[in-house]
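Every read-out reported here was derived from the displayed coordinates using simple, explicitly stated rules and does not represent laboratory data. Since we're looking at a predicted model, the values are computed, not measured. Counting neighbours? That spans all protein chains shown, and the Cβs are built from the backbone with ideal geometry, glycine included.
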Amino acid sequence: AKDVAAAIAAASAAEAAATRKLHSRMLAGAAGAPVVSVTASVSSAMAKAAPAKEKAAGAVAADKSAAAKSAAAANANAITLEVTFRKHSVELAASKGGHFVVLSRPAYGKMAALYRRNTPAGDPGLPPLTAGDGGDSGDKDDEGGDGPEAEEVAAAVAAAGAEGGGNDKKKGAAAGADAAGAGAGAGRAAFHSRLFTLLLRYRSIQGYGFQASVGPDVFTTLRTAVGAEFECFASPLNTFFGRFCSAFPDVDAPFGSSGDFFGLPPAALKRGCFQANPPFVGPVMTAMATRMESLLETADKDEQPLSFVVFVPGWKEEKAWSMLNASTFLKAHFVVAAADHGYCDGAAHQRRSAFRGSLYDTGVFVLQSQRAAASAVGRHVAAGPLKGGGKDGGMGRFEAEVRAALTVARVAAVAAGTDAAGSPLQGSHLGRAMSIGHMSPEHSMMDDSVTPLRHRVKAL
């Protein structure tokens, strides 16, 4: 067993080293003029469903710019990316090293939308979306739903030369956009290059567990209840607000990262409400608590309203826990049992079941400056229970809201039949609730939606 474990560890380390090496080469190209040529195509299954004139397009060269061709010719080691759009996913494969990454269509659309809003000055940028782009192919699930993300996916599929939905109006609009010039292809090639580089980086750290997030319902609750609009620890793959700090600004910045939380200028954190769900690593959490204490002291000195809502594992022996619990800025604190909540999986961008149960209890801390505590946000955090109390007893209003939002992810994990490790849930309170009729097993996550589950949270 030890020999097998050692062999696996060696192979894993070798894979990580190779991935980082390729990532460095990709990053060098993405930082300057595009040197990566990208071929976009659709899967054979989709091609068969498309009209004959669309199948003829097959695989097309997305980057036709003179600058890209010149750079590729000058670089004998240029890497070619092949981008394939399948029914539910998008695949990116490198011509060298056998490197391959995949993400869901909704995740691809989200990344394209983030890139469009934060395109670096030196990049050509994605071509404008046309009125015909969108999830009107008749299958919302394939396109990732409605909104900007669906429009991005539809435009990319059309640019690849085929459209699975068979919508001639959308194809015609996309074709017209493609005819506008070779710059459209260069812009999409630059986006794919940066996307591939980012995915390689996060793959190389071999720890999607470090990228789990509290889930969209919690973020929506924080925005409504306390005005949170910024994430102190996130990534382009799991950000909700689109304004965030991340671990790798060099590859994350084109998708909206403001940089590393510990390197962000104090002026950028002097007022407002910030959500923080750091990697569950002791020194990182301690450094976070130290910086927050300093920022709050400055906020009091400058009479600024500053709030932090922090989510950390219930590891009471950790220094960070003691620091947060003893802070003079602490206005609210509660612990949510592991069995009562879940998280959005760090690998949600490549899975159809986005949620998983939590391995640990989670501690929620609200730290506020004096000005913030005296504001409407502070009053909401400090508010007692609603009249009547109900099941929540003496639980404060803000605590009840956050607990309910955290529960949604757990309910979704049960519906998908997975716990924190991705295996079937057995023996849990929610698992038994499902078996006795509190919750119907037909509400699965295969449709990428938790909406049918939300009304069951209170009963559970």
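Observations, loosely collected:
- Asp302-Phe262 pseudo-label distance in nm [points 7 Å out on the Cα-to-Cβ vector]: 2.2
- Taking 0.36 nm per residue of sequence separation and removing the Cα-Cα distance, the Glu229/Lys87 pair yields an extension gain of 47.8 nm.
- Rough spin-label spacing in nm, given labels placed 7 Å along Cα→Cβ, for Lys96 and Val281: 2.9
- Computed label-point distance, nm, for sites Leu330 and Thr220 using a 7 Å Cα→Cβ extension: 3.1
- In Hz, Karplus ³J(HN,Hα) per residue of the stretch 222-235 (6.51, -1.76, 1.60; θ = phi - 60°; x = Gly, Pro): 5, 5, 6, 7, 10, x, 5, 9, 9, 10, 6, 9, 7, 8
- When peptides 259-268, 120-129 are sorted by average Cβ neighbour count within 10 Å, with the highest value leading, the order is 120-129, 259-268.
- Protection proxy ranking of 98-110, 308-320 - average other beta-carbon atoms within 10 Å, highest first: 98-110, 308-320
- Additional length obtainable on full extension of the chain from Thr290 to Tyr360, 0.36 nm per residue less Cα span: 22.9 nm
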